[in-house]
1. Just for the Cα atoms in the range 79-220, what are the lengths along the principal axes, largest first, rounded to whole Å?
2. Only bridges with both residues in the chain count here: give the DSSP antiparallel percent, nearest 5.
3. Specify the residue with the greatest mean-square fluctuation among 111, 37, 352, computed from a Gaussian network of the chain linking alpha-carbon atoms under 10 Å apart.
4. Among rounded, prolate and oblate, which fits the range 3-112 when a ≥ b ≥ c are the square roots of the eigenvalues of its C-alpha gyration tensor, a/c under 1.5 means rounded, and a/b larger than b/c means prolate?
5. Place a point 7 Å from Cα of residue 369 in the direction of its Cβ. Which residues in the range 316-350 have their backbone N less than 17 Å from it?
6. So what is the 222 nm mean residue ellipticity for the chain from helices alone, if each DSSP H run of at least 4 adds -39500 (n - 2.57) and you divide by all residues, rounding to the nearest 500 deg cm²/dmol?
7. Give me 294, 13, 316 sorted ascending by neighbouring Cβ count inside 10 Å, so fewest comes first.
8. Jot down the radius of gyration and Dmax of the range 7-371, Cα atoms only, both in angstrom.
Ligand SMILES: Cc1cc2nc3c(=O)[nH]c(=O)nc-3n(C[C@H](O)[C@H](O)[C@H](O)COP(=O)(O)O)c2cc1C
C-alpha cells in the first residue's frame, strides 16, 4: 500500500485481497453498468481554469456539512455489507473518518450493528435508513438510532425495488458465501482475508438479525432484499418520518428538480443527488449532469450533497464548482478499506485532501467558499 498514489491503486490492491464475489459486489453496478460508467466519465469531462500568481499559501479545504465542521467537503456514503470487506469494516471506516474529521454514515444493512459502532465511536455518526415493509421494525430502528445518539438520519428513497446487478447473479452472492467449488478456490487464493474473517467476523446483518422476521442468511441477498423493500413508499411516508425524527433529515436518491422540491417540501435539511452509484436505474443520468438544474431549482433552500463516481479531490472541486455543498464517496472508501482496513481508508482520504488542496491552489483558490463556476473552463451545458 506504501506506493499507492491514487484511488485506482487502492482498488487494484483491494481486488487482489478480497474474494471475487465481494469485490464485484462493491465494484459492480446494475444491468449494463452504463450509469455507473457515466458518473465518472461526465466528471472527467469538466476542465478547470488554471490561475497563476495568486497567493494560495493559506488555502484549506476545511468547511462544514449540516452544521458540523469537516476537514473537507466530504462524507462517507452508506454502504451495506462493509464488514465483509475487512474485519469490523464499518468500525474501521468510522474510525478513519473520525481521524480525518469527516462524517461517517452507517448503512441499515451493515454487518456491525448501530450499537457496536456507537460503542467504538467517540463522535456522532450518521445513520442511513431503508424504509422496508415492516414499519414496526423501522420504528424500533429509529429508537435504536436515537438511543445511541445519532443526530442525522439519511433516508434512502431510490430502493423501492432492487436494481439487478448481473455480477452478483453470476457470483451467486449470498451472505455467508455459498460453498461452491469456484467460491472455495477463490477463497483459497485470499488467505489473509479468510484468516481475518474467521478470527473476527460474523457475516450477518447486525441491525437486522434478531429484529426482523424472515431474515434467513441462507437466502440470496437479492432475494431477501426484493421481498423486504417497499414499492408503496411515497412522500406521505417521508413526511411522517420527518414528523417522527427530531434530528437532521437527509433524503438520498434525488435525481430531478421536481423530486428535489418534494424533498424540501417534506422538510429535508439536505438532499443527496444520487443514482446509488449506478446500482439502481441503469440508464439514469450521471449525477453531475443533473446537479446544475437541481441547484437552480432549490436556490439555497437546503444543503445539496452529491455522490456517484467521485474518486478524487479534483472530482470534489468539480461538484463544489457546480453548486454542491459536499460530496459522498462509497467505492473510493471501500477500495481503501479493502486495501488496508482503517489505514487504507485514511490513506485514501489523505490522497483526496492533497488532490483537492493542490487543485484549489492551481485554480487560485484559498477556501471552499471561493470555488464556483468561474473556476471551470468552457462550462458545458449540463441539463437533464
Ligand atoms: C457496495 C455498496 C453498497 C451500498 N449500500 C448502500 C446502502 O446500504 N444504502 C444506501 O443508501 N446506499 C448504498 N450504496 C450507495 C452509496 O451510498 C452511494 O450512493 C454510492 O456508492 C455512490 O457512488 P460511488 O460508489 O461511485 O461513490 C452502496 C454502494 C455500494 C458501492
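No lab work stands behind these numbers, since they all come straight from the coordinates. Since the model is a prediction, treat every value here as computed from it, not as a measurement. FYI the Cβ positions are ideal-geometry reconstructions off the backbone, even for glycines, and counts take in every protein chain you see.
1. Largest to smallest, the principal-axis extents are 45, 36, 25 Å.
2. Details: 7 of 33 bridges.
Rounded to the nearest five, the antiparallel share is 20 percent.
3. 37
4. Working: a/c = 1.94, a/b = 1.34, b/c = 1.44.
It comes out oblate by the Cα gyration axes.
5. Under cut-off, by backbone N: 320-321, 323-326.
6. Working: 15 runs with 166 residues, N = 384.
The per-residue figure over the chain is -13000 deg cm²/dmol.
7. Numbers: 294 26, 13 18, 316 29.
In order of increasing Cβ crowding within 10 Å: 13, 294, 316.
8. Computed over the Cα atoms of the range 7-371, radius of gyration and Dmax are 19.6, 64 Å.
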